[in-house]
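What follows is a set of notes on a single structure, which appears directly below.
Every read-out reported here was derived from the displayed coordinates using simple, explicitly stated rules and does not represent laboratory data. Please read all numbers here as calculations on a predicted model, not as lab measurements. Glycine gets a Cβ as well: all are built from the backbone with ideal geometry, and neighbour counts include every protein chain shown.
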Amino acid sequence: MTADTPLISLEGISKAFGAVRANQDISLAFRAGRIKSLLGENGAGKSTLMSILAGRLQPDQGHILVDGQHQVFRSTQDAIGAGIGMVYQHFMLVEAMTVTENIFLGYPGPLVIDPSRMENQVAELAAQVSLNIDPRARVADLSMGEKQRVEILKLLFRQNRILIFDEPTAVLTPQESEQLFEALRQLAAQGKAIVFISHKLDEVMALSDEIAVLHKGAVVADMDADQIHSKAELAQLMVGREVILQVERDHLEARQRVLNIAGLGDDALKDIDLELRQGEILGLVGVAGNGQKPLVETICGLKRPGRGTVRLMGQDWGSFFQRRRWDGNLAYIPEDRQGLATCRNLSLTDNLLLTTRRGFTVGPWLRHRQAEAKMEELAAQFNINPPNPSLAARQLSGGNLQKMVIAREFFRRPRLIVAEQPTQGLDIAATEEVWRLLLKARDRAGILLVTGDLAEALALSDRLAVMFDGRIVDTFAAEDSEKIGRIGLMMAGSSP
Amino acid sequence: MNTDLLVPLLAAAIQSGTPILFATLGEILTEKSGVLNLGVEGIMIVGALAAFVCAKLTGNPLLAFALAGVAGMVIAAGHGVVCLWFLGNQVVSGLALTIFGLGLADYLGTPLIGQTAPGFGKLSIPGLGALPILGPIFFQQDLLVYLSVGVVPLLWAFLNKTRWGLNLRAVGEHPEAAAAAGIDVLRYRWAGVLGGGFLVGLGGAYLSLAYTHLWTSGLTAGRGWIAVALVIFAFWRPGRALLGAYLFGGVMAFQLRLQAIGTHVPSSLLLMLPYALTVIVLVFASWKSRQANAPAALGINIEPQD
């Protein structure tokens, strides 16, 4: 083994699920001291490849070399034994246990455990790599950033040499992301091989030594980061065609007030003031879990307001939801496409009828055929694929289902739209389409865009509001570049 | 009430709480691994029958006691096959197990009704047994009572002080995380189901070997259900299970005494007492804690990863 032998290399890995070829002839090398990014859209084969590396899936063809030696991973145990560790997007931590217990989980050792010795070991390791954490804290009490540190410590404790991070910044504030990058660079300097999986181009450009791009299951590029000159170049590789990451947005005159919240408070919200007019998009940003959910639920009538007033279209909350008109009204595009927004086993037509029954009823009877014709028309208009109204909601891809939800809600010509994480989990092409639809809807509606994706908020919003710990930290115009620079800090709770 | 009445009552409380204690500890072990087994009642009565038959045939109560545990494991294994292999619904499977166990014991036990078998007698601990008041309550019990109390710290230490216990709890809290850490999650769930079934079977054996020495139909009389409720009351902690089991044992013994003394209260109302207490305890426990400390993945099957 020479100094240049990769810690792990993949040679000609292929994996198919039925007719779907998730990975095709993938060859990649991961070297000590290098940060390698794996970039690709949803469905490009990233997660299949990672499952193969983690020993959860066996490849149909090809093999894995550890230190230049062939090795077959039959189970996660084998992969752990080879020094491969993963930090999953959804943390694999037991919330009810302490940091130390989590780190020692599955770790071989004597049968009877000695908590204080274990805690000391964890504290020592944490100090060594300067990841600050209380070994005795319960995981449930930690922030997302701290939980991630526990995951990293778990890997380091097992002397893993290859650390794989699956979309690690999705749950972090910009500051926490910065800290994570710092830690990753430090770990690479200590001789670990880091694999960073993401679809956020900026992060990949900022962090990586090497970048590999996956498209439709195959590696379309594998190069040093300094060979890449622009984001657009990278995006094109990833999507397979030219993409425009910017949408045209011209200023509209804000008109009638459609939402007015004053002094709203309850157990999760603190003194919220918010105003939204027709013709504008208000981007509500913040790390998930800082009160966005209860706020949206209150606006959409799922939760009764505690203190303060909520007025929709100039009407009081109570009377608004008592006499709700089906059109020219409020439309809610929930985060949970397959749960709150649609019934997964019902057809698209039935899903259309869930919120839109007017015009499709005669007395107590539904006019199903008319609804089906309408659904077909909407499918063509909103580019929903496949345009078959009798398909069940679960048979559509995430992007197409989201377009279906938007089509249904826009059909009601809403004047107030609440869109919650509208592009989460969508690929770039679908994201673009959803953005265009939202911008178009701004003509006749005020849109509250709740998002954890800062880039999305900046691309679409006329005004921005930052939420932290149930409060609106600040509200400002999208042109206020000085405040925009401080959004990250505000998301972490510092005052504007 | 003077000590002449109180001391025998408390001693009886411990005695009638012991089968519930075994069963509660068993169900705690099973639930800590993330499996909800509502078949406790059925497993208990099969254990009781197996112990009774074995004691009658061999004359060896200790062997009979152990065999009841094995019988409990066999019945619980049915639950494991349905839920761990075939991913069946844990509630339905557990209920079916109860119905099956009660039916099986009734069918096989009918010829034995009214017969007796050798069992465990009182075993006074030298020295301690001679203490006033405390002696008759705690130290003039049968061997199985001492054994059951011994299981409490053992189970606690297993769950909290050993690597296996840590792994088992992790499997009950977050099986995906446990699997990612390289733990064989199905093996631990099997261990929880079988180990729990063993302890529940022992609880059944106490009824036929020490509590009565005599076979009657419906011997368990809902004690398995009380154990299921006690797990929640105990917040899944062995120590609290001891407390809860003796509390219920006390109420059961108390209503028997009241009936014997002959009060004007109808006996059916008195018989209801332990079950009414079950309801009250459950309401109290859920109101106070909102099910705090319940294993997060309790009752959720582990789907195979694709």
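For the reader, a short list of remarks on this structure follows.
- Two-site FRET efficiency, A:Gln128 against A:Gln61, from Cβ-Cβ distance with R₀ of 51 Å, rounded to 0.05: 0.80
- Check: segment A:257-491 dipole with +1 on Lys, Arg Cβ and -1 on Asp, Glu Cβ, in debye: 1080 debye
- Mean partner shielding of peptide B:156-163, defined as the number of other chain Cβ atoms within 10 Å of each residue Cβ, is 3.
- Antiparallel bridge percentage (DSSP; both residues within the protein assembly as shown; nearest 5): 55 percent
- Think of it as helices only: each DSSP H run of n ≥ 4 in chain A is worth -39500 (n - 2.57), and spread over all residues that comes to -9500 deg cm²/dmol at 222 nm.
- Chain B: angle of helix B:223-233 to the longest principal axis, Cα-based, in degrees nearest 10: 60 degrees
- About its Cα centre, the dipole of segment A:8-239 is roughly 480 debye, where the only charges are +1 on Lys and Arg Cβ and -1 on Asp and Glu Cβ.
- Alpha-carbon centroid distance for the pair segment A:375-399 / segment A:106-165, whole angstrom: 47 Å
- Folded to 0 to 90 degrees: helix B:163-173 orientation relative to chain B principal axis, Cα: 80 degrees
- Peptides A:150-158, B:121-129 ordered by average Cβ neighbours within 10 Å, highest first: A:150-158, B:121-129
- Against the main long axis of the alpha-carbon atoms of chain A, helix A:398-411 sits at an angle near 10°.
- Lysine pairs meeting the criterion (Cα under 12 Å, 8 or more apart or interchain), as found in segment A:8-239: 4
- Cross-link partners of B:Lys161 among aspartates and glutamates, defined as those whose alpha carbon lies under 13 angstrom from its own and excluding same-chain residues fewer than eight positions apart: A:Glu101, A:Asp114.
- In this label model, A:Arg249 and B:Leu154 are separated by 6.7 nm, measuring between points 7 Å along each Cα→Cβ vector.
- FRET efficiency, 1/(1 + (r/R0)^6) with R0 22 Å, evaluated for B:Thr212 and B:Tyr146 via beta carbons: 0.70
- Fraction of beta bridges assigned by DSSP in segment A:257-491 that are antiparallel (%, nearest 5): 55 percent
- The percentage of C-alpha pairs in the protein assembly as shown whose separation is greater than 43 Å is 45%.
- Shielding by partners - mean other protein chain Cβ count within 10 Å, residues of B:106-116: 0
- Per residue convex hull volume, Cα atoms of segment A:8-239, in Å³: 126 Å³
- Shape call, chain B: gyration tensor on alpha carbons, a/c limit 1.5: prolate
- If the segment from A:Gln395 to A:Arg74 were pulled out straight at 0.36 nm per residue, it would be longer than the present Cα-Cα gap by 112.3 nm.
- Segment B:116-224 - charge dipole about Cα centre, Lys and Arg +1 at Cβ, Asp and Glu -1, debye rounded to 20: 80 debye
- Close Lys-Lys pairs in segment A:257-491, where close means Cα under 18 Å and separation is 8 or more or interchain: 5
- The residues A:Thr100, B:Thr263, when put in order of fewest to most other Cβ atoms within 10 Å, stand as B:Thr263, A:Thr100.
- GNM flexibility winner over chain B from B:Ile183, B:Ile261, B:Ile28 (Cα, springs under 10 Å): B:Ile261
- Across B:Leu154, B:Leu21, B:Leu219, mean-square fluctuation computed from a Gaussian network of chain B (C-alpha pairs under 10 Å connected) peaks at B:Leu154.
- Other protein chain C-beta atoms within 10 Å of residue C-beta, averaged over A:100-107: 6.
- Mean residue ellipticity (222 nm) of chain B, computed from DSSP H runs ≥ 4 via -39,500 (n - 2.57), nearest 500: -23000 deg cm²/dmol
- Three-way shape call for segment B:2-60 based on the alpha-carbon gyration tensor, with the a/c threshold at 1.5: oblate
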